[in-house]
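The values are calculated or read from the model by the stated rules, or taken from the named source; none is laboratory data. Because the structure is predicted, anything quoted here is derived from the model rather than measured. The protein model used for the area step is the full one, side chains on, heavy atoms only, and it has no ligands, DNA or RNA in it. Shrake-Rupley method; radii C 1.70, N 1.55, O 1.52, S 1.80 Å.
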Amino acid sequence: MSYWNTNVARHPGILRAVPAGCSTALDVGCGDGLLARKLAAVVPSVTGVDSSPEMIAQARSQSADTFIEGDFMVADLGTYDFVCSVATIHHLDFEAALRRMRDVLNPGGTLVVVGLARDASPRDWMATIAAAPIVRIVKTLRRAHGPEGMPAMQPRMSYREVRTTARRLLPGVRYRRHVLRRYSLTWQKPS
């Protein structure tokens, strides 16, 4: 099943970040497994983890990849050359989740997090207001939707808090704010 939404819009960038020679990947908060299936086209071994039984059931029904139903923070996962997460980290304790992602990443591996943050400053609000017509038009033209049953939650952290915390925990992280109301963190773990 294919669909488009503001999370799926980030998939091409995530796939471009997969390092050469990558043999294992982990999709944290994999939902129905759409990104995991895309990763499986370029990475030999892909694992998805999600705490939602409904989402994992959908993922397993569409792919033979490995999907783990459980809490990412405590699941027995091993380590990976590539770890990614889309619109999940705001459901978790941000610092603890970022540390855990860092810990399950092999030396030299790449981490990509796409997340949501809340507007907390005049600059944030101006960016959101300026992008609103673009977001509305793109969502309408692309007939934006996602899988049924996808859990939703409002983000607690501001863009500044995300950026500051990520830079403290992941020295050298690349932070980018995207037009379609998302940010991304891209980091390579030292070898």
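Computed values, structure above
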read-out	value
Heavy-atom accessible surface of segment 10-50: percent carbon and sulfur, 1.4 Å	55 percent
With all protein chains modelled, accessible area of M157 [1.4 Å, Å²]	50 Å²
Global geometry of segment 1-80, whether rounded, prolate or oblate, following the gyration tensor of its Cα atoms and the 1.5 cut on a/c	oblate
Stretchable slack from D119 to Y3, in nm (0.36 nm times residue separation minus alpha-carbon distance)	39.1 nm
Whether segment 97-136 is rounded, prolate or oblate, judged on the alpha carbon gyration tensor where a/c under 1.5 counts as rounded	prolate
Helix-only mean residue ellipticity at 222 nm for the chain, each DSSP H run of n ≥ 4 adding -39500 (n - 2.57), per residue, nearest 500	-10000 deg cm²/dmol
Cα pair distances exceeding 14 angstrom across segment 105-163, given as percent	72 percent
Within the accessible area of segment 146-191 (1.4 Å probe), percent carbon and sulfur	49 percent
Accessible area in square angstrom per residue, the chain, 1.4 angstrom probe	51 Å²
